[in-house]
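Q: There's a structure below that I have some questions on.
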Amino acid sequence: MASGPVLGAGVGAVTNLITATWNWWLFCTLLVLVTLAAAGTTLVPGSSPAADDASADHGVGPNTLPPGRAVFAGRDSELDRLLTAEPPAAAARPLVCLVTGRSGSGKTELAVQTAHRLAKRYPGGRLFVGYRSHAESAGRLRPNDILAAVLATVHAAPGTTDFDLDSMSSQWRSAVGNRPFLIVLDDVTEAAQVRPLLPASAQSMVIVTSRRMLPGLDADVHVEVDALSEDAARSVISDILRRGSCTVDDTVLDAVVALHRLPLTIRHIADRIVAEHTPLALRTAPPVAARGEGLEPMLATIRSLAPVDHLVFCRMALHPGPHVTAEIAAALADLPVPAASDALALLHQHGLVIRPDPHGYGLHDLVRSLAEQEGSLQNDPTARTQAHERLFLLVARQLARANTGLHAPLVINVPGADGRESQVSLDEAETMEWVQRYFDDLRSVARLAIDRGWPQSWHLTAGLAYVMRIRRNIPQAEELNDSALQIALISGDEAGRAHCEGQLGALHRASGRHRTALQLAQEATDIFERLGDSRNQAFCASEVGMNLYHLADYTSARATMLDAVDLHRHEGQWRGEANGLGVLGMISRATGDYRGARDKLAEALRIYNEKGNHRNEAWVLIELGVVDRLTGDLDSAEARFTTALRINARASDRNGCAWARREIGIVKRILGRYTEAQALLEEALREFEELGSERNTADVHVELCTLRRVTGALATARGHGDTALRMYRRMGNLRGGAWAEVELGVLDSGEGRMSSAVERFENARETYLRIGDRSGAARVLLELGKLALVQGEAPAARQFLEESLSLYDDLGAPQTAEVRDLLGT
């Protein structure tokens, strides 16, 4: 009986809407949707403004939770179940809570509200991870994508040679350890998306949202949400109107909540009242499918839009990423940027689009489906293809510009600039911030281009490769460029092939695969030479020289790098020239030409100083410090390493910091400050292992082998030496392998295993002679001389030591004093 007047008012209202007579403007305003965000914004770690919200920072760990809505009602019992949930006794995994419900029912908001209320219990970290499982396929995130993102958030990085899900998951669990973490996994469709993200710690909590139950998840708590009660819906509307200083008649509220109680729709109606007080012209009645979801108000809003705004709204559905900017909207709709910007602002005001953060707009999944339905692009494949191609070209130009701002070595020329991309100049730090902010968008567009078989996909993948190499996201960069390479080969695009192979070569080198890197770089060099592209030819030639250096072919490396430096100079490329000079310095140092090494490195340092390139300045400082150390100037060496550490720390360059710590640790060991040396070397080892830097990891193992030997921990020393030798052999690193053999030979000698020691020294000596490493050869001769003295073979000892002294004298190395003492001269 009591509900009769309310239902009657609702029926009367609908009747009057159709006849266009009763209270037209008020009720139409009520029936237009605006919220979307209530059902959840899809974010990845680091993309939420809440990460910068000091009020949300409840601990020292990372916090990427999006802000909760100020108005939240009608979920008291569900919220209480989540807040009071306890893990089962003796649990060997975190507490897992599953929130299910249809799209638009407020699952994400419930999870976020819960997470904020529980934040103080989880000081280790609070992460929000959105899978975007119902977005376009290219925009959906995979467990590998998510693991790479969360590992970066906790300052770890995946291995650089593959994205093996099991190993990444193990690394994630290791990074979390026993710290209490709270993780929200949003928009999940299967248990396989959850399991790799589960920490091992029983002190952690994971809240999963899904439209349906997830077989195999075995959640500890399951909460299902759907439409709000009439009272809760009325409370939500009233609170939003009160905050917006708006009021409506109670009978109208009663009519609305009798018809609409889906949180998405309820919020839209309330927000629309606050946003606009003018009449709307509704069009035809919505289709039955939309009615079933309670989306009539949303359709009414869409169909009342002006043509330009309607076009922008519908074309937004074609973007696979989380952020639609004015530039992207303009490209998709083929409009000027100001017109697209105005349309986005109006759509946001009308509640059709959400703003997950200050960097762009987005669509809720339900609204995206309406945009696709209203846009009718399924029936016009030509228009869809043209819109996508404009998007691809825009993002390709943006990436080319970003590569210029980052001083990326390969130059990407994208034709057809149309003025849609921003012309605001950004410095290197600002450019990197832009790339990180929109990384998911950039990667999803590249994936979409590959899925569509766009012939110029390489513009996108090559544009992303340098950034992904810096981010240590090497496996996915390879995946993208491999796919683009196949498209370029099929289409016969020689420039595309050269760019893909050049980028793949750099990626292989960064992960220690120097033989395949050499092959790829050489092929790219030859193609660029045929195309007359001297600048990119110079970069790829530098890559060839770098790989030859790592493969210990120093003669060929020097000749190749000298040619590359000449090409860079001819093209006026100061960075390429300085990089080449730095590598020439490394080659000179490796072959014992310390004076030549200083000259080349000092020239490179001068260029970097003049240009303000601090990252590479730190690299050269470390190389000069190594020369100082090898020539006995330990004070200068430590000063250079310390300066480099400071520069790398300011740049958040973890690899550079670890490298500097390793070198400082070596100096401390030489000075006999073993405790300090061990702490520095072990910290460097952890960093390199987390970064997946195999060669650097092997180098630290050798240094720890030396340190532990001199401090008497022989078994530990041998473990480090054996590990390093295995790693060097796997990489094909001859110089590193010889170095490890020498250290293991010294251990053998100390333990009385003379035959093994001699065999190791001779193997190392042969390698050093073959690659032209005079410093290494001098060290082996010194160790053979010591061994002969222990065995009472004085003539042989003298011969070895005299040969060693001759080499050390030529090198100007401090070891000459030790050899003279042994010779008694």
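The values are calculated or read from the model by the stated rules, or taken from the named source; none is laboratory data. Values in this document were obtained by computation on a predicted structure and should not be read as measured data. All Cβ positions, even for glycine, are placed from backbone atoms using ideal geometry, and neighbour counts span all protein chains on display. The protein model used for the area step is the full one, side chains on, heavy atoms only, and it has no ligands, DNA or RNA in it. Shrake-Rupley method; radii C 1.70, N 1.55, O 1.52, S 1.80 Å.
Q: Give me the angle, in degrees from 0 to 90, between the Cα long axis of helix 654-670 and the longest principal axis of the Cα atoms of the chain, rounded to the nearest 10.
A: 30
Q: What are the ³J(HN,Hα) values, in whole Hz, obtained from phi via the Karplus relation 6.51 cos²θ - 1.76 cosθ + 1.60 with θ = phi - 60°, for each residue of the range 540-548 in sequence order, with x given for Gly and Pro?
A: Coupling constants for the range 540-548: 5, 5, 4, 5, 4, x, 4, 5, 4 Hz.
Q: Heavy atoms of the protein only, probe of 1.4 Å, neighbouring chains included. What is the accessible area of K786 in Å², nearest 10?
A: Approximately 60 Å² for this residue.
Q: Next question, about the same structure. Given the protein chains as shown and a 1.4 Å probe, how many square angstrom of E803 are accessible, to the nearest 10?
A: Spelled out: E803, probe radius 1.4 Å, area about 70 Å².
Q: Given (i) 11, 25, 23, 17, 10, 7, 5, 2, 0; (ii) 13, 34, 25, 18, 10, 1, 0; (iii) 14, 39, 30, 13, 4, 0, which label gives P(r) over Cα pairs in 20 Å bins from 0, in percent as computed from the coordinates?
A: (iii)
Q: Give me the angle, in degrees from 0 to 90, between the Cα long axis of helix 714-731 and the longest principal axis of the Cα atoms of the chain, rounded to the nearest 10.
A: Orientation of helix 714-731: about 70 degrees from the principal axis.
Q: Subtracting the Cα-Cα distance from 0.36 nm times the residue separation, let me have the gained length for L714 to E603 in nm, one decimal.
A: Difference between extended and current length: 35.7 nm.
Q: Taking R0 as 45 Å, what FRET efficiency do you get between L79 and A429 from their Cβ-Cβ distance, rounded to the nearest 0.05?
A: Step by step, r from the Cβ atoms, then E = 0.60.
Q: What is the gain in length, in nm to one decimal, between A202 and R798 on full extension, counting 0.36 nm per residue of separation less the C-alpha to C-alpha distance?
A: Residue separation times 0.36 nm, minus the Cα-Cα distance, leaves 208.1 nm.
Q: Once Lys and Arg get +1 and Asp and Glu get -1 on their Cβ, which of P320, G532, P297 lies farthest toward the positive end of the dipole of the chain?
A: P297
Q: Under a Cβ-only charge scheme (Lys and Arg +1, Asp and Glu -1), can you give me the dipole magnitude of the chain about the Cα centre, in debye to the nearest 20?
A: Result for the chain is approximately 760 debye, rounded to the nearest 20.
Q: What's the FRET efficiency of R142 with R569 using the Cβ-Cβ distance as r and R₀ = 60 Å, to the nearest 0.05?
A: 0.85
Q: Using Cα-Cα distances under 8 Å and only pairs 6 or more residues apart, what relative contact order does the chain have, in percent?
A: 9
Q: If I stretch the segment between E494 and E86 completely, what's the gain in nm (0.36 nm per residue apart, minus their alpha carbon distance), one decimal?
A: Difference between extended and current length: 140.8 nm.
Q: I would also like to ask the following. Can you order the peptides 380-390, 657-667 by their average number of other Cβ atoms within 10 Å per residue, highest first?
A: Ranked by mean Cβ neighbours within 10 Å, highest first: 657-667, 380-390.
Q: Could I ask something else about it? Please work out how much accessible surface T525 shows to a 1.4 Å probe, ignoring ligands, DNA and RNA, in Å² rounded to 10.
A: About 10 Å², rounded to the nearest 10.
Q: For the chain, what is the mean residue ellipticity at 222 nm derived from helices alone (per DSSP H run of n ≥ 4: -39500 (n - 2.57); sum divided by total residues; nearest 500 deg cm²/dmol)?
A: Calculated mean residue ellipticity at 222 nm is -20500 deg cm²/dmol.
Q: Here's another thing I want to ask about it. Where a Cα-Cα gap under 19 Å defines reach, which aspartates and glutamates qualify for K786, not counting those fewer than 8 residues away within the same chain?
A: Hits, sequence-local ones excluded: E741, E743, D748, E751, E759, E762, E766, E802, E803, D809, E818, D821.
Q: Which value, in Å², gives the accessible area per residue of the chain when a 1.4 Å probe is used on the protein heavy atoms?
A: For the chain, the per-residue accessible area is 39 Å².
Q: If you don't mind, another one. Pop out the carbon and sulfur fraction of the accessible area of the chain as a percent, whole number, probe 1.4 Å.
A: Of all accessible area on the chain, carbon and sulfur atoms account for 50 percent.
Q: So how do 696-706, 670-680 stack up, highest first, on mean other-Cβ count within 10 Å?
A: The packing order, highest mean first, is 696-706, 670-680.
Q: Given a Förster distance of 30 angstrom, what is the FRET efficiency for D380 paired with Q486, based on the Cβ-Cβ distance and rounded to 0.05?
A: About 0.55, to the nearest 0.05.
Q: Measure nothing but the geometry: give the 0 to 90° angle between the long axis through the Cα atoms of 439-451 and the longest principal axis through the Cα atoms of the chain, rounded to 10°.
A: Compared with the principal axis, the helix lies near 90 degrees.
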